[in-house]
Amino acid sequence: MVLLSGGMDSCVCAALAAREFNAAAVHISYGQRTEERELRAFLEICDRLEICDRLVVRNEALRAIGGSALTDPEIAVPESPMIRHEIPVTYVPFRNAHFLSVAVSWAEVLEAEKVYIGAVEQDSSGYPDCRPAYYHAFNEVVRTGTRDGRIEVVTPLIGMRKAEIVSLGLELGAPFDLTWSCYSREDRACGVCDSCVLRLRAFREAGASDPIIYCEAVEKVKV
Ligand SMILES: [Zn+2]
């Protein structure tokens, strides 16, 4: 089982899972700004990786609760700052627990024993639900709260630099061309939000070119 948002990290994670297992993929739309584009990315990545078992779920709670630039249209998605001291407004409160709960429930039904999630600690936006301690604790919950207690949430990318994830993805043939990372736009990636900036930097550091299309202004900056 792999949680696949459609971004570059989850795509690499899905490529890893698909290489080792007959993988199933789950995607959760939660009223985020780019949900349509991300769902398209999910479906296309599944097609490319030949993942047939798919589950798409709508989570209404996160949008209703708000409190994040991704789910509240009143809160603007900021351009990526150079230095950061606090958790950014793009953090969606306790989001990964919602996602993991859905994946673990489905894993119980499918009798899958591993749930892959592409959480990354370094080179990330500093979200608290991307830290190793969080997954360690969550696995305790899964172990004690499921029928057989055998399901494990695994985070193969958590200790990797973002550039290393790009290199691994290229090695695995992960379909980066089908991924979507931008927080704010669905037509072309904005190139200035946190997610775009981290992604562009990762490809640059890996010595690779990012196959998706960015806004014209960013193209010029890159040149
Ligand atoms: Zn962006």
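The values are calculated or read from the model by the stated rules, or taken from the named source; none is laboratory data. Bear in mind that the values here come from a model prediction, so they are computed numbers and not experimental data. Reconstructed Cβ throughout: ideal geometry from the backbone, glycine too, with neighbour counts over all protein chains shown. Just the protein is used for accessible areas: all its heavy atoms, side chains included, with ligands, DNA and RNA removed. Shrake-Rupley method; radii C 1.70, N 1.55, O 1.52, S 1.80 Å.
Note on the chain: dipole from Cβ charges, positive end direction compared against 61, 156, 30; the farthest Cα belongs to 156. The 1.4 Å probe gives accessible areas that order 110, 172, largest first, as 110, 172. The accessible area of residue 16, taken with all protein chains in place and a 1.4 Å probe, comes to roughly 20 Å². The fraction of accessible area contributed by carbon and sulfur in the chain is 51 percent, rounded to a whole number (1.4 Å probe; ligands and nucleic acids excluded).
If the Kirkwood radius is taken over C-alpha pairs of segment 136-192, then at 10 °C and 1.306 mPa s the Stokes-Einstein diffusion coefficient equals 109 µm²/s. Each residue was assigned an accessible area with a 1.4 Å probe, and for residue 57 the value is about 40 Å².
With a 1.4 Å probe rolled over the protein heavy atoms of all chains, the accessible area of 8, 160 falls in the order 160, 8, largest first. The percentage of C-alpha pairs in segment 1-125 whose separation is greater than 24 Å is 29%. Geometric descriptor of segment 50-179, per residue, is 148 Å³ (volume of the convex hull of the Cα atoms).
For the chain, the solvent-accessible area of protein heavy atoms averages 50 Å² per residue (probe radius 1.4 Å; ligands and nucleic acids excluded). Taking every Cα-Cα distance in the chain and sorting them into 5 Å bins from zero, the calculated P(r) comes out as 1, 7, 15, 19, 22, 18, 11, 5, 2, 0, 0, 0 percent.
Ranking of 29, 80 by solvent-accessible surface, largest first: 80, 29 (1.4 Å probe, protein heavy atoms only, all chains present).
A Förster radius of 25 Å, combined with the Cβ-Cβ distance separating residue 131 from residue 177, puts the computed FRET efficiency at roughly 0.25. A Cα-only calculation for segment 119-223 places Rg and Dmax at 16.6, 55 Å.
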